[in-house]
Amino acid sequence: MDFGIALASNLDAWKTVKRAEELGFSHAWFYDTQMLVPDILVTMALAADKTSKIKLGMGVMVPTNRIAPVAANALASLNKLAPGRIIFGVGTGFTARNTMGLGPMRLSELREYLRVVRGLLAGETVEWETEGARHKIRFLNPEAGMINISDRIPLHISAFAPKARKLTAEIADGWMTFSAQVPRALHEAGELAKSCRESGRAPESLYRTAFALGCVLAEGESAASPRAKAQAGPMSVVFLHGLVEASLGLQLSPEIAPVLEAYRKQYATYEPADARYLQMHKMHLIGVRPEEQKFLTPEFIAATTFTATATELRERIRALRDGGFNQFVIQLVPGSESALDDWARVFDGV
């Protein structure tokens, strides 16, 4: 099994990526959230320049935020800096669009976008629609060596719903999911396998990655200790963000339902009333705001994150591995990058 890290796109993230490479991690994934952190292309370029082996993935880029020719150029430029180490991770949008008051983009638009980007990266002349007309486009001088379209860039899609999984099975090299609970992740993997078989594809040909946030607890440490709240808490409150905005269609467990109801009441106080998302998504997945701290009970953190002792975490990760996942990724929260060493010890024992 491969092990990776995910990071907010900080300008000094390359230091953590370099350390992860030294520890033997296989991948580093960068979040593309323009209204929260620096640009993913800048931070990935810095990481590409400072490392030599670790693979660097977009986790994920959102098509509506960059037109297809620009995205293709960015990927080819990164591929010049880190030949064969770049992964094109893409999704219909959660954080990057929600922070601007938008819901997910349509799958039909995603499919068309990917057709154009992948065609350009393959050196083809493709038709691209913009401003009400279709135009033929291609990279005009790739032979000059300023970009790299010779080394193939794999496509990994973040997919949670049935139609998105179907698209993934049809065209992608890899699949990504974010899950706090092993049973749910294994269920999604099983559904993806069905989509693969229906598309005439062997399920094992699709690389599968599970993302999580959490904290490696010391023996006797509470899941709501200050350290656990700092490392895992951002995922717990993001879970509430997604439920409030109906971005996550989940059946709620007994631990979550009353917490969500209390959070809805708090959400109703956010201003401006016609753009409450501006307050709710502040520090989204990179920290916990003061008024959100009260929701971080031990039970809630345990139910929504990978927070447990090293022994239990290894058991969970082994279950994911045995269920067909090829990679487990842990996000490191800004200010808690030292947790990388805790997770390296966990992974060593899997």
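The values are calculated or read from the model by the stated rules, or taken from the named source; none is laboratory data. If you're wondering where the values come from, they're calculated on a predicted model, not measured in any experiment. Virtual Cβ from ideal backbone geometry, glycine too; neighbours counted across all protein chains shown. Heads up: the accessible areas ignore ligands, DNA and RNA and are worked out on the full protein's heavy atoms, side chains in. Shrake-Rupley method; radii C 1.70, N 1.55, O 1.52, S 1.80 Å.
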All positions within region 309-340 that are in a helix (DSSP H, G or I), open to solvent by 50 Å² or more (accessible area, probe 1.4 Å) and among the charged types (D, E, K, R):
Glu312, Arg314, Glu315, Arg318, Arg321, Asp322
Would you confirm whether any residue within region 24-32 is surrounded by fewer than 17 Cβ atoms within 10 Å (Cβ to Cβ) and within 28 Å of Ala319 (Cβ to Cβ)?
yes
Among the residues that make up region 301-311, is at least one of them of a type outside the set (Ser, Thr, Tyr), more than 30 Å from Arg264 (Cα to Cα) and at pLDDT 95 or above?
yes
Does Leu192 meet the test of being in contact with a helix residue (DSSP H, G or I) (Cβ under 7 Å, 6 or more places away or on another chain), of a type outside the set (Gly, Ala, Ser), within 25 Å of Arg85 (Cα to Cα) and not in a loop (DSSP other than H, G, I, E, B)?
no
Residue satisfying all of: in region 134-175; assigned to a strand (DSSP E or B) and open to solvent by 90 Å² or more (accessible area, probe 1.4 Å); nearest to Thr92 (Cα to Cα) among these:
Arg134
If Ser253 satisfies every condition in (1) of a type in the set (Ser, Thr, Tyr); (2) surrounded by 14 or more Cβ atoms within 10 Å (Cβ to Cβ); (3) in contact (Cβ under 8 Å) with a residue 40 or more places away in the chain but one, which is the exception?
(2)
Restricting attention to region 34-82, report how many residues are surrounded by fewer than 21 Cβ atoms within 10 Å (Cβ to Cβ), under 24 Å from Thr99 (Cα atoms) and polar (S, T, N, Q).
3
How do the pairs read when you match residues in region 210-234 that are over 13 Å from Glu299 (Cα atoms) and of a type in the set (Lys, Arg) with residues anywhere that are open to solvent by 20 Å² or more (accessible area, probe 1.4 Å) and not in a helix (DSSP H, G or I), using Cβ under 7 Å and keeping only pairs 6 or more apart or on different chains?
none
So which of Gly214, Gly287 is crowded, with 20+ Cβ neighbours inside 10 Å and within 27 Å of Ser338 (Cβ to Cβ)?
Gly214
Residues of region 88-117 that turn out to be more than 15 Å from Ile171 (Cβ to Cβ), open to solvent by less than 50 Å² (accessible area, probe 1.4 Å) and touching a residue at least 40 places away in the same chain (Cβ under 8 Å), as a count
7
